[in-house]
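A.B. asks: Once you've had a glance at the structure underneath, I'll fire off some questions.
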Amino acid sequence: MGSLDVLFTPTELGPKTARNRLAMLPMGTRFPVDGLLTDRDNAWHEARAAGGVGLIITGGTVVSSGSAVRERINVEGWRRDNLERMRDKAEAVHAHGALLVAQLLHLGRETAGGQLAGFQVAPSAIRAAGQLFTPAELSVGGYRGS
Ligand SMILES: Cc1cc2nc3c(=O)[nH]c(=O)nc-3n(C[C@H](O)[C@H](O)[C@H](O)COP(=O)(O)O)c2cc1C
């Protein structure tokens, strides 16, 4: 076996088996529109699966409205109207033999170069370097002041 051949052997990831050890790192495509997955985004992921990679990690999938960026170019994963499209994406990727993982994203006190669409929350009310706003501190029940 050559030194790189191991890359093309299956590997177990918990209960799943990846067909090889090539993983596609998370990359936001900017194809979602207003936080909704589009056919274009799903087709882009399907094409990568058809290319032979073992595991695809999606770009950041926002977990709550408090972390959506104003451009709304991330998949807003908390929304029910995204469920079917996310399922479509998984099925399309699986049909080509690849595994799919959704990268869950909450930006906290960061804004990833843009403005958040909603109210900014983080573990502590400490402004991050280069950011305009101080986030509200999260508590067990939500954020202080809620
Ligand atoms: C267009 C683009 C979008 C990206 N989106 C994400 C993302 O949503 N989440 C993330 O963790 N990293 C993201 N990254 C970072 C990549 O996953 C990767 O860590 C980075 O490109 C460094 O790897 P490389 O040297 O192989 O390019 C993105 C990178 C690019 C180029």
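A.B. asks: Calculated FRET efficiency, Arg70 and Glu91, Cβ-Cβ r, R0 41 Å, to nearest 0.05? Walk me through the numbers before you get to the answer.
C.D. replies: On the way: r = 31 Å, r/R0 = 0.76.
Efficiency at R0 = 41 Å is approximately 0.85.
A.B. asks: Do you know the relative contact order of the range 1-67, to the nearest whole percent, from alpha carbon pairs under 8 angstrom that are 6+ apart?
C.D. replies: Taking the mean separation of contacting Cα pairs over the length of the range 1-67, I get 32 percent.
A.B. asks: For the residues Ile56, Ile73, Ile126, what sequence is obtained by ranking on other C-beta atoms within 10 Å, fewest first?
C.D. replies: Starting with the residue having the fewest Cβ neighbours, the order is Ile126, Ile73, Ile56.
A.B. asks: What nm distance separates the two modelled labels at Asp81 and Thr38, each placed 7 Å from Cα along Cα→Cβ?
C.D. replies: 1.6 nm
A.B. asks: If you place +1 on the Cβ of every Lys and Arg and -1 on the Cβ of every Asp and Glu, how big does the dipole about the Cα centre of the range 1-115 come out, in debye to the nearest 20?
C.D. replies: Rounded to the nearest 20 debye, it is 140 debye.
A.B. asks: Lys/Arg Cβ at +1, Asp/Glu Cβ at -1, dipole of the chain taken about the Cα centre: which of Thr134, Ala90, Gly118 is farthest positive-ward?
C.D. replies: Projecting each Cα onto the dipole axis, the largest value belongs to Thr134.
A.B. asks: Continuing with this model, one more query. To the nearest 20 debye, what charge dipole does the range 67-141 have about its Cα centre, counting +1 at the Cβ of each Lys and Arg and -1 at the Cβ of each Asp and Glu?
C.D. replies: 100 debye
A.B. asks: Just from its helices, what would the mean residue ellipticity at 222 nm be for the chain, if runs of 4 or more DSSP H residues each count -39500 (n - 2.57) and the sum is divided by every residue, rounded to the nearest 500 deg cm²/dmol?
C.D. replies: Calculated mean residue ellipticity at 222 nm is -5500 deg cm²/dmol.
FYI, it's all coordinate maths here, none of it is from the lab. Quick caveat: nothing in here was measured; it's all calculated off a predicted structure. Because the Cβ atoms are built from the backbone with ideal geometry, glycine has one as well, and the counts that use them run over all protein chains shown.
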